[in-house]
Amino acid sequence: MGFVLRGGCVVDGTGAPARLADVEVDGGRIAAVGEVSAREGLEEIDVSGLMVAPGFIDLHTHLDAQVLWDPDLTPSSWHGVTTTIMGNCGFGIAPTRPEHRSLILQTFENTEAIPIDALEAGVSWDFETFPQYLQTLDRLPKRLNVAALLGHTPLRFFVMGEEATSREATETELAEMCGIVAEAMLAGAAGFATSKNDVHVGAGGLPVPSRLASKDEIHRLARVVDESGKGVVTVTSGRQFALAEIAELATSIDRPVSWESVFTGYDGLDNYGSAPPGAALDLLKRSAALSDNMWPQVSCRPIVMQVTLQDPYPLIAYCWSFKEITGLVDRDARLDLFRDPAWRARAKADIAERAEMMWRRLSVQETAVHTDAVGVPLSELAERRGVDPLDLLIDLGLEEGLETRFRMVLMNDDEEELAAILAEDQLVLGGSDAGAHLSQLCDSCFPSYLLEYWVRERGAISIERAVRLLTGHTAAVYGLRDRGVIREGNVADLVAFDAERIAVKPLRRVRDLPGHAERLIAESIGVEHVWVNGQQVRRSGEDVADAYPGEVVRAVSA
C-alpha cells in the first residue's frame, strides 16, 4: 500500500528553494511530488511543520564490522542517515583468508580504535572473498542501506600475506590484485579505497599494507575501477601521496577521486592542528584548480577525541613516538615504555615544534582520581605544578591505571575558516568515521549538527545547501543512482525533521558492544520520521521495531 506525506516543506536535495509539496510513495519509490489527491488505499501521513528531505548519505564510515552485529547501525540511523559507505581509508574485513583474520582485526583495533574483544565476539567469518562479504551483507537485516568500498589493506594481506606490511608487490601479485578488484567491481563494490597516511599504523605497530604500495600499484588498481565504468576511488593522503599525486591519479581516470581530508589546522601532510589559518581553505582551492575530478572530503564538526593512554593512537598525530607504544600488544610492556626516561626524552623532542599548541588542546575529561585537573589545559596545569607537560600526561595516566580520559582537540576547530570551506563547491561532506574510534568520539551525528549549528545557529549556509551536501551532491559524485534527490521514480529514502528543533544530544558512554565493550553515542532531537526504501524505520523520534528494509547499494554503470 502506498502513502503520501502531507503538509511538509520539501527540500529536494538539488539546492532548489524549499517548497510546500506532497510526496507520494508507492512500491518503495517516489511516485509523485506536488499536489497529490486523496484516494482509497493511499495512507495519509501528516508531516506539517517539518522539512522533508532525501535520506542523508554518510560517505566516510568504518561500519564494515559493526554491520555484522548491529542491524540498527546506531547512532547513524538516529540522525536521518539512510545510506552509509564503508571501507574507507583502505580498511575493511574482506577479502580475508582464515589465517589472516586475527591480523585484520588487530589492524582494525589499532587504526580505528575498535576494541579487539568486540571485534572477536561480533565478527562472524562466513565469508572470505569480497563478493562473499557482499552476499553476507545481503542476508543480514539492516535498518539502513550500506555500500562497501574494497579496501587496499585487506586486498594486500589476501595476496601477499604478512609481507604486505614490508614491501612492494611483485608483478604477479599486482596482477592478482587487479583481478580481485575487477571481481569486486563486478559484484557491486562501491569502488576502491587506499591510504598513504603515515598515522595509519596497524598490527604490531607496522605500517598498514597500503602504505607500502607503489604509485604504479595504486594507479593500476584504480584503472581497474575506471575500466568497470562505475564506482569511485578514495585516497587518504600522506607525504608520499599528497595533492600532486592525487591530481595525477584523478586526471588519469574517468572515475571520481574522493580524497581525505580537508580540516582546518591541517596542511594535508604532517601538521595536524598546527597548520596556519587559511591552510585548509588554500588546500581545497588548489585541489579544485588541479582537477575537477578531485573531491576533498570535509567534516563540519571539530575533531575532538577522548583518549586514554591504554589506547593512545590519536596522539600519534601530535607525537610520532606514540607509535612505539601502539606497536606493543602487551600491557606491561606499554607501562614499562611509558616509565622509560629515554622514551620520554624522544617523545619530548618529537613534540617540541608543536608543544604550545598540543598542550593547550589537551585536558583531563573523565577521572576518578584527578578531579581537580578536569577541564584545565595541560599547559596550564603543568605550569602550576612546575613539571613538563608530557611527564604530567603520562604520570596522570599511570596513577590511574591508564584509565584517565583526556579531551584532545585535534583539528577543524577554526570556525571562520570552516564556514568559508562549507561555502565552496568542489568538496564532499563526510568524515564521520561512524563505526570507528567508538570510545573516543561520535561524529555520526554530523547531519543533525550541520542543520542545528551551521544552518540554524550560525546561518553560515542555507538549509537548501546543507541538505544538498548531505544528499544529492554526494549521490551525484559517488554515482548513487536514483538516490539523494526527491523526484519521481527515485528510491524513497526520506527524512522528515523539525528545522527549529533539530539538535544533537550530549554524548553518553554506554557498554552495548559485543563483549560488553564501551562506546560513545549521541542521540538526536527533531529527526522525527525516516523511511528507507519506502519503509518507515523511525516514527515520531523513535525507532520502529523490527524495521529492516536496508539494502546493499551496489555501484552501477552511468
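The values are calculated or read from the model by the stated rules, or taken from the named source; none is laboratory data. Because the structure is a prediction, the values reported are computed rather than measured. As a convention, Cβ positions derive from the backbone with ideal geometry for all residues, glycine included, and neighbour counts pool all protein chains shown.
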Taking the conditions exactly as written (among the small types (Gly, Ala, Ser), surrounded by 17 or more Cβ atoms within 10 Å (Cβ to Cβ) and not in a helix (DSSP H, G or I)), does ALA189 satisfy them or not?
yes
Quickly run through the range 317-348 and pick out the residues that are more than 30 Å from LEU470 (Cα to Cα), at pLDDT below 90 and either within 19 Å of the chain's Cα centre (by Cα) or part of a loop (DSSP other than H, G, I, E, B) (or both).
TYR318, CYS319, TRP320, GLY327, LEU328, VAL329, ASP330
Among ALA175, ALA184, ALA164, which is the only one that is surrounded by fewer than 23 Cβ atoms within 10 Å (Cβ to Cβ) and part of a helix (DSSP H, G or I)?
ALA175
Every listed condition ((1) touching a residue at least 24 places away in the same chain (Cβ under 8 Å); (2) farther than 30 Å from ALA466 by Cα) holds for VAL304 save (2)
Count of the range 28-86 residues which are farther than 26 Å from ILE521 by Cβ and acidic (Asp, Glu)
5
Considering only residues that are within 15 Å of the chain's Cα centre (by Cα) and modelled with pLDDT under 95, which ones fall in the range 238-261?
GLU260, SER261
Scan the helices (runs of 4 or more DSSP H) fully inside the range 446-558 and keep the ones with 3 or more residues being in contact with a helix residue (DSSP H, G or I) (Cβ under 8 Å, 6 or more places away or on another chain).
446-449, 463-470
Determine if the range 318-336 includes at least one residue that is touching a Ser or Thr at 6+ places or on another chain (Cβ under 8 Å), surrounded by 21 or more Cβ atoms within 10 Å (Cβ to Cβ), of a type outside the set (Lys, Arg) and over 30 Å from GLU457 (Cβ atoms).
no
Test each condition in (1) crowded, with 21+ Cβ neighbours inside 10 Å; (2) in contact with a strand residue (DSSP E or B) (Cβ under 7 Å, 6 or more places away or on another chain) for PRO389 and report the one that comes out false.
(2)
Which residue pairs have Cβ atoms closer than 9 Å, lie 6 or more positions apart in sequence or on different chains, and pair a first residue in the range 532-558 that is closer than 22 Å to ALA475 by Cβ with a second residue that is among the acidic types (Asp, Glu) and crowded, with 20+ Cβ neighbours inside 10 Å?
VAL532/ASP493; ASN533/ASP493; GLY534/ASP493; ARG538/GLU528
For SER299, all conditions in the list (1) over 28 Å from THR404 (Cα atoms); (2) touching a Phe, Trp or Tyr at 6+ places or on another chain (Cβ under 9 Å) hold save one; what is the number of the exception?
(1)
When the range 243-280 is checked residue by residue, the ones that are among the small types (Gly, Ala, Ser), surrounded by fewer than 17 Cβ atoms within 10 Å (Cβ to Cβ) and not in a helix (DSSP H, G or I) are GLY278
Filtered residue count, the range 147-184, keeping only those that are over 26 Å from the mean Cα position of the chain (by Cα) and either modelled with pLDDT under 95 or of a type in the set (Asp, Glu) (or both)
6
Please find, among ALA289, ALA279, the residue that is without any contact (Cβ under 8 Å) to a residue 24 or more places away in the chain, hydrophobic (A, V, I, L, M, F, W, C) and under 27 Å from ALA190 (Cα atoms).
ALA289
Taking the range 1-45 and keeping only residues that are surrounded by 24 or more Cβ atoms within 10 Å (Cβ to Cβ) and assigned to a loop (DSSP other than H, G, I, E, B), one is left with GLY8, VAL11, ASP12, GLY13
